[in-house]
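The structure appears right after this line, and notes come after that.
The values are calculated or read from the model by the stated rules, or taken from the named source; none is laboratory data. All values reported here derive from a predicted model rather than from experimental measurement. Here the Cβ is made from the backbone with ideal geometry for all residues, glycine too, and neighbour counts use every protein chain on show.
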């Protein structure tokens, strides 16, 4: 009974965090988006590369229609990331991104590019608990809960001319960095009955004002993924997964008091992917497609996204 009560309380905690917070770097597309998802299998430490590709349409008309200034934007990032476990309860993680941004305006035929170092993120996690027990049907039930905090450093280039070249109402996503030091909090819960599991992550990102008197809106992200692990000859584990991700962000603020109209909003995204572990090597990816969205008062529309990664544990 005590074991069951802990599972119920944990599920309520994760759900309550999801529902109680009302706060996208528009829909995960602009700067400073750090999606975690299901981490690679590792005991001590891992290092790897991760690629993300995201699409965004901006400067839409009042009714969401395309206009002569509508822009199609692509955000790509190649990330060096890794984690290190200290003992059985502590974990440190770092993400070093290199970003590639492209903006094309079909109405004018203009295309712009930006590439360079993004904002580095450092995170620390503490394992609140990890328990394993047999059910009445003699099946193994395992669950764990991690809590983490992190900081994002202003290592990516921020172009204030990008913001001032357009109106106050325009989105300010076409940047390599935010020029601000920001903070993150995270909860990660995983529960697995034999080979069938559920992974849930909730995170909240608090953004500060940069030296150009611009502050990106605080962002909340929650995702839930169901997965099943297929074990092939005790050498390869394949885990297809599927679920949903919810993102919401308050409006950006300029000069400490003015909301940026074309910013903030929320979206619900479907996620499907697969994770593969073969000894010390792990790789995988997922595809994310919007199910519903209301971004920047309808003036911005997020497209499909996908991610792929490979990592090595040692």
**OP:** Determine if the stretch 105-118 includes at least one residue that is touching a strand residue (DSSP E or B) at 6+ places or on another chain (Cβ under 9 Å), closer than 17 Å to residue 50 by Cα and surrounded by 19 or more Cβ atoms within 10 Å (Cβ to Cβ).
**Re:** yes
Original post:
How about the stretch 263-286: which of its residues are closer than 21 Å to residue 300 by Cβ and either at pLDDT below 95 or buried (at least 17 other Cβ atoms within 10 Å of the Cβ) (or both)?
Top reply: 263, 264, 265, 266, 267, 269, 271
**OP:** Taking residue 145 as meeting all but one of (1) at pLDDT 90 or above; (2) over 22 Å from residue 208 (Cβ atoms); (3) surrounded by fewer than 16 Cβ atoms within 10 Å (Cβ to Cβ), write down the number of the exception.
**Re:** (3)
Original post:
Hey, residue 211 hits all of (1) surrounded by fewer than 17 Cβ atoms within 10 Å (Cβ to Cβ); (2) within 17 Å of the chain's Cα centre (by Cα); (3) in a loop (DSSP other than H, G, I, E, B) but one; which does it fall short on?
Top reply: (2)
**OP:** Kindly check whether there is at least one residue in the stretch 230-244 that is part of a strand (DSSP E or B), within 22 Å of the chain's Cα centre (by Cα) and crowded, with 21+ Cβ neighbours inside 10 Å.
**Re:** yes
